[in-house]
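Heads up, the thing below is written out as structure tokens.
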Amino acid sequence: MKLNNLNMKKINFFALCAIVISSVLLVSCGGNTSTPKASLNNDIDSLSYAYGVSLAEQGLAQFLEQSGIIGSANNLQNEYQMRISAADEDEKENLEKELKTKLDALNNENAPKLNQFLKGVQESLNAGDEKTAYIQGLSVGNQISQQMMPQLTSLIFADDSENKLNNQQIISGLFGALRNQELAISKLEASDFVQAAVEKGQEESQRRSEEEMKVQNADVIAEGETFLAENAERGEVVVLPSGLQYEIIKEGTGEIPSATDQVRVHYHGTLLDGTVFDSSIDRGESITFGVNQVIPGWTEALKLMPVGSTWKLYIPYELGYGAQGSGPVIKPFSTLIFDVELIGIE
């Protein structure tokens, strides 16, 4: 959250009055944090007080609402203002009493957390050098507990809400490292340990997501598997251990590319139903790219093709675009067919 500096031109008398009244309501309904009495004895006092009020106006109150520290009265007030403006005198009086009752209830509900927040603000503003480190510790601890830990928990444990990080062990590792004590996991190993856990969590999350998507796209998967099984029975089709299938349309006699080569090709790609999703042939312009910079099925085939060859590739989804698909045409788990002409090695 970014709080703007005081802009006196933006604050008029009526806005100040409304904010002061709201502030008094919020902090006068119980708890241990009382509001110091306003003493506007000189210009500095007045400026200081106005700045405090403006902090709430310029984003702090909204921040507290978004953080769940206080509930918002704005919607409630707006609703009743519209109703009051359209009501007759008797209804207005009843609505105003009803609004006050609801605001009092909201203020009572807000008071405990708001008092704790204000206590922290007061302690931080009044802290001398001896307390600066303590205040910074509160700030860092809040960031760890409210931002960093939830993010890490989400990355590592994904949707498994049963698993939580252990606060005491976080403190043990943090304190031990800062005090240069003997550690159960070394500083050099700690980052790798956490990174490995994050990667494992992401892999598990991806696996779960893919399993769910497989259920949703069962018809596409079944169609591809049936096609490949029937296609493999044709004598002219070569089936590799990876599942890739190819058919030699034209036998080349040139050099065979390696994984690090750049190759120039013409190609024509379709779905099983004949829908064309990409074609350099239709564009009338060949394309150059790295052998290892394309989908796995292409990479595997290119490392077997002599220059001058034209092959028809039948690529299962595992060697194509997998569970993600590509663009609006290639659905997740799609089996693909390519006509590929290897023109040369660049």
Within the range 279-346, strands (runs of 3 or more DSSP E) holding 3 or more residues that are surrounded by fewer than 15 Cβ atoms within 10 Å (Cβ to Cβ) and within 39 Å of the chain's Cα centre (by Cα) = 287-290
Within the range 257-267, considering residues that are surrounded by 17 or more Cβ atoms within 10 Å (Cβ to Cβ) and in contact with a Ser or Thr (Cβ under 9 Å, 6 or more places away or on another chain), the one nearest to PHE333 (Cα to Cα) = TYR267
Kindly indicate whether any position in the range 94-116 is farther than 27 Å from GLY68 by Cα and either of a type in the set (Gly, Ala, Ser) or not assigned by TED's automatic domain parsing to the domain that holds GLU65 (or both).
-> no
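Give the range 156-193 a look and list any residue that's part of a helix (DSSP H, G or I) and basic (Lys, Arg), or say none.
LYS187 - this is the single residue of the range 156-193 that is part of a helix (DSSP H, G or I) and basic (Lys, Arg).
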Complete set of residues in the range 135-164 that are aliphatic (A, V, I, L, M), modelled with pLDDT of 80 or more and over 30 Å from GLN122 (Cα atoms) | LEU152, LEU155, ILE156
In the range 254-267, is there at least one residue being in the same structural domain as ALA232 (by TED's automatic domain parsing), in a helix (DSSP H, G or I), of a type in the set (Phe, Trp, Tyr) and at negative phi?
-> no
Tally, over the range 216-241, of residues that are farther than 14 Å from LYS331 by Cβ and either part of a loop (DSSP other than H, G, I, E, B) or outside the structural domain of TRP298 (by TED's automatic domain parsing) (or both) | 7
What is the residue count in the range 154-199 for residues that are touching a residue at least 40 places away in the same chain (Cβ under 8 Å) and surrounded by 12 or more Cβ atoms within 10 Å (Cβ to Cβ)?
-> 7
All positions within the range 177-204 that are closer than 20 Å to GLY141 by Cα, at pLDDT 85 or above and not aliphatic (A, V, I, L, M) = SER191
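The values are calculated or read from the model by the stated rules, or taken from the named source; none is laboratory data. Owing to the predicted nature of the structure, the values given are computational and were not obtained by experimental measurement. We place every Cβ from the backbone using ideal geometry, glycine too, and count neighbours over all the protein chains shown.
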